[in-house]
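Novice: Input: one structure, supplied below.
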Amino acid sequence: MHKPQNIVILTGAGISAESGIDTFRSDGRPEKQGTWEQHRIEDVATPEGFARDPDLVLNFYDMRRADVQTKQPNAAHHALARLDREWNARADRALLIVTQNVDDLHERAGAQCVHHMHGELLSALCSACLERSPWTGPMIGRPACPQCGETALRPDVVWFGEMPYDMESIYGALRGADLFVSIGTSGAVYPAAGFVQDARSMGVQTLELNLERSEGSGWFDETRLGAASVLVPEWVDEILA
Ligand code: APR
């Protein structure tokens with residue numbers, strides 16, 4: 001693999017698994033259960049589910065929001081933050097971290113260039129004024145929007161059937177990239193699952209770092225299997241060497 005200049009990194013739930021945050025789909029180990037084995041997607045991750053039972057949905061995200069604030073970034077988040085800092089310090093190079101994760105562990109590790117394409121747990125979206133506000137507490141009591149005062153807040157999380165954030169800048173970065181790296185994602189959910197094919201069709205090199213082969217594994221030029229906390233720091237050392 002030649003030395004890249006412009007890197008786009010896609011992360012998924014697998015990078016936060018070793019911080020104690022559940023992935024969505026279990027990895028087949030009997031002691032592990034993914035979030036979607038415990039909850040029906042259509043109940044807690046669709047606009048229709050929210051309209052049907054807002055208390056259930058607000059409570060689900062209130063618990064996840066409280067839980068995430070008790071977790072810490074792991075060695076993989078720290079390694080990517082170091083890469084982000086060192087790579088973006090050079091004017092002739094660019095690095096973008098695109099995450100499907102709604103936790104803030106990339107930022108807490110110190111990464112600056114992060115796009116949360118599926119939204120953020122620590123943010124509230126007002127259905128009345130459509131503004132996004134930083135949010136750390138519960139929403140079950142129907143607090144007022146800090147921007148417009150209406151009691152129309154919802155979790156700022158992209159649900160199934162909704163448009164992910166920042167797609168234009170993400171595709172722009174992919175077009176200008178010469179390396180695409182996918183970390184800790186099953187490749188089950190589009191459009192993120194299609195980034196590897198988009199990258200390949202544009203002649204971008206592709207690398208997968210994951211515990212097991214993802215659904216789109218065959219599209220990658222190279223796949224390294226193992227825990228993110230080991231593979232990511234190794235790869236970052238390699239690329240910065
Ligand atoms: N290190 C590396 N990879 C890991 C680790 C680990 N320690 N633990 C688990 N993985 C891998 C699993 O093998 C799996 O391939 O991470 C992947 C997690 O897959 P998912 O649970 O499907 O998570 P993700 O790909 O991020 O889901 C995408 O689906 O439900 C939606 O919106 C939700 O953003 C989410 C999207």
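The values are calculated or read from the model by the stated rules, or taken from the named source; none is laboratory data. Not measured: the values here are computed from a predicted model. Every residue, glycine among them, receives a Cβ derived from its backbone with ideal geometry; neighbour counts consider all protein chains shown. Just the protein is used for accessible areas: all its heavy atoms, side chains included, with ligands, DNA and RNA removed. Shrake-Rupley method; radii C 1.70, N 1.55, O 1.52, S 1.80 Å.
Novice: How about the stretch 70-85: which of its residues are touching a strand residue (DSSP E or B) at 6+ places or on another chain (Cβ under 8 Å) and more than 16 Å from the ligand (Cβ to nearest atom)?
Specialist: Once the filter is applied, which keeps residues that are touching a strand residue (DSSP E or B) at 6+ places or on another chain (Cβ under 8 Å) and more than 16 Å from the ligand (Cβ to nearest atom), the stretch 70-85 yields Leu83, Asp84.
Novice: In the stretch 82-107, which residue that is outside any loop (DSSP other than H, G, I, E, B) and in contact with a His (Cβ under 8 Å, 6 or more places away or on another chain) is surrounded by the fewest Cβ atoms within 10 Å (Cβ to Cβ)?
Specialist: Only one residue tops the list, namely Leu96.
Novice: Still on this structure: Evaluate the following for Ala188: is it surrounded by fewer than 21 Cβ atoms within 10 Å (Cβ to Cβ), at pLDDT below 95 and more than 16 Å from the ligand (Cβ to nearest atom)?
Specialist: no
Novice: It is to be established whether one or more residues within the stretch 25-38 are assigned to a helix (DSSP H, G or I), without any contact (Cβ under 8 Å) to a residue 24 or more places away in the chain and among the aromatic types (Phe, Trp, Tyr).
Specialist: Yes: one or more hits.
Novice: Mind checking which residues of the stretch 216-231 are touching a helix residue (DSSP H, G or I) at 6+ places or on another chain (Cβ under 7 Å) and outside any helix (DSSP H, G or I)?
Specialist: Correct list: Gly216, Phe220, Thr223, Arg224.
Novice: I would also like to ask the following. Inside the stretch 205-233, can you point out the residues that are touching a residue at least 40 places away in the same chain (Cβ under 8 Å) and either more than 16 Å from the ligand (Cβ to nearest atom) or open to solvent by less than 10 Å² (accessible area, probe 1.4 Å) (or both)?
Specialist: Result: Gln205, Leu207, Asp221, Val232.
Novice: Still on this structure, please answer the following. Would you point out which residue out of Asp84, Asp53 is closer than 20 Å to Ile140 by Cα and among the acidic types (Asp, Glu)?
Specialist: Numbers: Asp84 fails: closer than 20 Å to Ile140 by Cα.
That would be Asp53, the only listed residue that is closer than 20 Å to Ile140 by Cα and among the acidic types (Asp, Glu).
Novice: A follow-up question, please. Is it the case that Arg108 is out of contact with any Asp or Glu (no Cβ under 9 Å at 6 or more places or on another chain), of a type in the set (D, E, K, R) and closer than 20 Å to Tyr171 by Cα?
Specialist: Answer is no for this residue.
Novice: A further question on this structure: Against the definition (within 13 Å of the ligand (Cβ to nearest atom), at pLDDT 95 or above and within 19 Å of the chain's Cα centre (by Cα)), how does Ser26 come out, yes or no?
Specialist: Here the answer is no, as Ser26 does not meet what is asked.
Novice: Taking Pro4 and the conditions (1) at pLDDT below 90; (2) buried (at least 16 other Cβ atoms within 10 Å of the Cβ); (3) within 12 Å of the ligand (Cβ to nearest atom), which numbered condition does it fall short on, given that it satisfies the others?
Specialist: Every condition holds for Pro4 apart from (3).
Novice: Given the criteria under 22 Å from Ser182 (Cα atoms) and within 16 Å of the ligand (Cβ to nearest atom), does Trp36 qualify?
Specialist: The answer is yes for Trp36.
Novice: Please go through the stretch 150-165 and pick out each residue that is more than 10 Å from the ligand (Cβ to nearest atom), open to solvent by 40 Å² or more (accessible area, probe 1.4 Å) and either of a type in the set (Val, Ile, Thr) or touching a residue at least 60 places away in the same chain (Cβ under 8 Å) (or both).
Specialist: Scanning the stretch 150-165 gives Thr151, Gly161, Glu162.
Novice: If you go through the stretch 170-185 one residue at a time, do you hit one that is open to solvent by 40 Å² or more (accessible area, probe 1.4 Å) and within 16 Å of the ligand (Cβ to nearest atom)?
Specialist: The answer is no; no qualifying residue exists.
Novice: Among the residues of the stretch 54-68, which ones are surrounded by 14 or more Cβ atoms within 10 Å (Cβ to Cβ) and under 15 Å from Glu120 (Cβ atoms)?
Specialist: Tyr61, Asp62, Arg64, Arg65, Asp67, Val68
Novice: Select from the stretch 115-136 the residues that are free of Cβ contacts under 8 Å to residues at least 24 places away in the same chain and open to solvent by less than 60 Å² (accessible area, probe 1.4 Å) and list them in ascending order.
Specialist: Those that are free of Cβ contacts under 8 Å to residues at least 24 places away in the same chain and open to solvent by less than 60 Å² (accessible area, probe 1.4 Å): Cys129, Ser133.
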